[in-house]
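The values are calculated or read from the model by the stated rules, or taken from the named source; none is laboratory data. As the structure is a computational prediction, the values presented were derived from the model and not from experiment. Cβ atoms come from the backbone with ideal geometry, glycine included; neighbour counts cover every protein chain shown. Surface accessibility is based on the protein's heavy atoms, side chains included, excluding ligands, DNA and RNA. Shrake-Rupley method; radii C 1.70, N 1.55, O 1.52, S 1.80 Å.
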Amino acid sequence: MPTLYRKYRPQNFAQVVGQNHIKVTLEQEIKSGKIAHAYLFCGPRAVGKTTLARILAKAINCEKRKETSAEPCDECPTCLSITNGRALDIVEIDAASHTQVEKVRENIIPNARVAPSGSKYKVFIIDEVHMLSPQAFNALLKTIEEPPPYVVFILCTTEVHKVPLTIISRCQRFDFKRISVNDVVKKLTYIIQAEKVSVEKN
């Protein structure tokens, strides 16, 4: 039985709660085809950084996305593989457990040199990027400075002050805000109704 957070995790921009200032900008970039080579998503925990990173990766690789829309179709093989976590061209790394420079050299640099297996872009999503060691950041910087045209980096962090300025300056930065209580209540109400459970209001 799937957990609720996996079952109801947003799969497109419209489903994301809050962060409208970020969604609008990303949607415009996708529709215009002007994708940055590196993004920095920073903000508190549980505000949608990794979720939006996955949606962005899906949208820029969607095989059937309409030119007038930024939303992924969620039906093509690429969208389905990303949703199910089986996409070979979407590389997710938890920097909290891969802080050594060797891990960056093994998982990112060689992988970035290889063209996507079936997608338009190869996307590296690095969660808690501030946990990387200084040596790992230096190794990553060289790749971010001159990435292949088919590579996109999305760096997520809750402590942006720990990310070197050399990395920040080469990324398009987005600052996520805390989700309002009203938005949280609306989302919870939707889930409660969908699950057909009864919850008392206090």
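Inverting the pair-averaged 1/r between distinct Cα atoms of the chain gives 17.8 Å as its Kirkwood hydrodynamic radius. For region 1-86, what percent of Cα pairs sit more than 17 Å apart? Value for region 1-86 (Cα pairs over 17 Å): 47 percent. The length gained on full extension between residue 177 and residue 34, counted as 0.36 nm times the residue separation minus their Cα-Cα distance, comes to 49.0 nm.
Looking at region 96-165, the GluC sites (Glu not before Pro) that sit in a DSSP loop and have at most 15 other Cβ atoms within 10 Å of their own Cβ are 159. Entry for region 125-168 at q = 0.17, 0.23 Å⁻¹: log10 I(q)/I(0) = -0.44, -0.80, Debye formula applied to identical alpha-carbon scatterers, no solvent contribution.
Within region 6-99, which GluC sites (Glu not before Pro) sit in a loop by DSSP and count at most 12 neighbouring Cβ atoms inside 10 Å? Taking region 6-99 and a limit of 12 other Cβ atoms within 10 Å, the loop GluC sites (Glu not before Pro) found are 67, 75. Carbon-plus-sulfur accessible fraction, the chain (probe radius 1.4 Å, protein heavy atoms only): 52%. The C-alpha atoms of region 47-89 occupy a region whose extents along the principal axes are 27, 22, 14 Å, arranged from largest to smallest. In region 149-202, one over the average inverse separation of all distinct C-alpha pairs is 15.1 Å, which is the Kirkwood hydrodynamic radius. Panel note: the C-alpha atoms of region 95-158, placed on their principal axes, show extents of 30, 21, 19 Å (largest first). Only lysine pairs 8 or more places apart or on separate chains count here, and in region 68-202 those with Cα atoms under 24 Å apart total 13. Each Cα pair under 8 Å and six or more residues apart adds its sequence gap; the mean of these over the residue count of region 56-152 is a relative contact order of 29 percent. Taking a straight line from the alpha carbon of residue 34, these aspartates and glutamates sit under 14 Å away, with near neighbours fewer than eight places off in the same chain left out: 67. Relative contact order of region 113-192: 35 percent, from C-alpha pairs under 8 Å at least 6 residues apart in sequence. Net charge of the neighbourhood of residue 149, taken over other residues with C-beta under 12 Å away and scored Lys/Arg +1, Asp/Glu -1, is +1. For the chain, averaging the sequence separation of C-alpha pairs within contact (under 8 Å, six or more residues apart) and dividing by the residue count gives a relative contact order of 29 percent. Restriction of the chymotrypsin sites (Phe, Trp or Tyr not before Pro) in region 89-166 to DSSP coil positions whose beta-carbon has at most 16 other beta-carbons within 10 angstrom yields 150. Taking trypsin sites (Lys or Arg not before Pro) as exposed when DSSP calls them loop and at most 15 other C-beta atoms lie within 10 angstrom, the chain has its longest site-free stretch at 121-176. If you model region 40-157 as an ellipsoid using its alpha carbon gyration tensor, with each semi-axis the square root of five times an eigenvalue, the axes come out at 25, 16, 12 Å, biggest first. Heavy-atom accessible surface of the chain, averaged per residue, reaches 57 Å², computed with a 1.4 Å probe.
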